[in-house]
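The values are calculated or read from the model by the stated rules, or taken from the named source; none is laboratory data. The structure presented is a predicted model; accordingly, all values stated were derived computationally and were not measured. Positions of Cβ are backbone-derived with ideal geometry, glycine not excepted, and every protein chain shown enters the neighbour counts.
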Amino acid sequence: MDLLARRHWVFDMDGTLTVAAHDFDAIRAELGLPDGPILESLDRLPADEAAHLHARLEDIEEGIARRTEAQPGAAALLADLHDRGATLGIVTRNKRRLAHITLAAAGLAEFFTPADVLGRDEAPHKPSPAGIQLLLRRWGAEGADAVMVDDYLFDLQAGRAAGTATVLFDVRGLFAWADHADRCVRDLRQLLGP
């Protein structure tokens, strides 16, 4: 599969374009949540309790966003894709406002049109494919001409459900969800063209 022939690229942000900085166990402990995905745990709470914890979560996430660093190779890959005329977007389980803070802190904001950065308030969070599908509709694109690059199962599931090619990025090379990916890479530069 020639990924570089595809003209539309959607990225996860935290742990993919940026160095993983979220300590999810510590965040769950701070919020008093059980093991498991944080957003799904909040979804199961009564609305007033969830609203308070969402606000606290956003404070925690903002602190992380302001200290974010770009993943090695991220800028080189985004510049290469940009030079090839690819359309670039982000679908993150984070909030859009925090995604923009993260991209600015990591020095990657220049590669993305602000409206093409979608967070959990713009579309149901992954594993729902809704955010990817929203970008594809906006771009007038089909999933068969798109790639989703990510580091977690929910992202891969969203990409597959949207009909895109999927790339699993894992710096450790463990590739736990390789069966959901069309390609696995340890370094984003592995996706660079010749």
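Step by step: first the residues of the range 23-76, then only those that are touching a residue at least 40 places away in the same chain (Cβ under 8 Å) and hydrophobic (A, V, I, L, M, F, W, C), then the one that is surrounded by the fewest Cβ atoms within 10 Å (Cβ to Cβ). Which residue is that?
Out of the qualifying residues, it is A76.
Pull up the range 10-22, narrow it to residues that are touching a residue at least 60 places away in the same chain (Cβ under 8 Å) and of a type in the set (V, I, T), then point me to the one that is farthest from L191 (Cα to Cα).
T18
Quick one: is G107 touching a strand residue (DSSP E or B) at 6+ places or on another chain (Cβ under 7 Å), of a type in the set (G, A, S) and surrounded by fewer than 19 Cβ atoms within 10 Å (Cβ to Cβ)?
yes
Quick one: in the range 60-85, which of the residues that are of a type outside the set (A, V, I, L, M) and assigned to a helix (DSSP H, G or I) is nearest to H8 (Cα to Cα)?
If we take residues in the range 60-85 being of a type outside the set (A, V, I, L, M) and assigned to a helix (DSSP H, G or I), then H82 is nearest to H8 (Cα to Cα).
The conditions are (1) part of a helix (DSSP H, G or I); (2) crowded, with 19+ Cβ neighbours inside 10 Å; (3) at pLDDT 90 or above, and L4 fails exactly one of them. Which is it?
Here L4 clears every test but (2).
Looking at (1) modelled with pLDDT under 95; (2) buried (at least 18 other Cβ atoms within 10 Å of the Cβ), which one does D150 not meet, given that it meets all the others?
Only one criterion is unmet by D150, namely (1).
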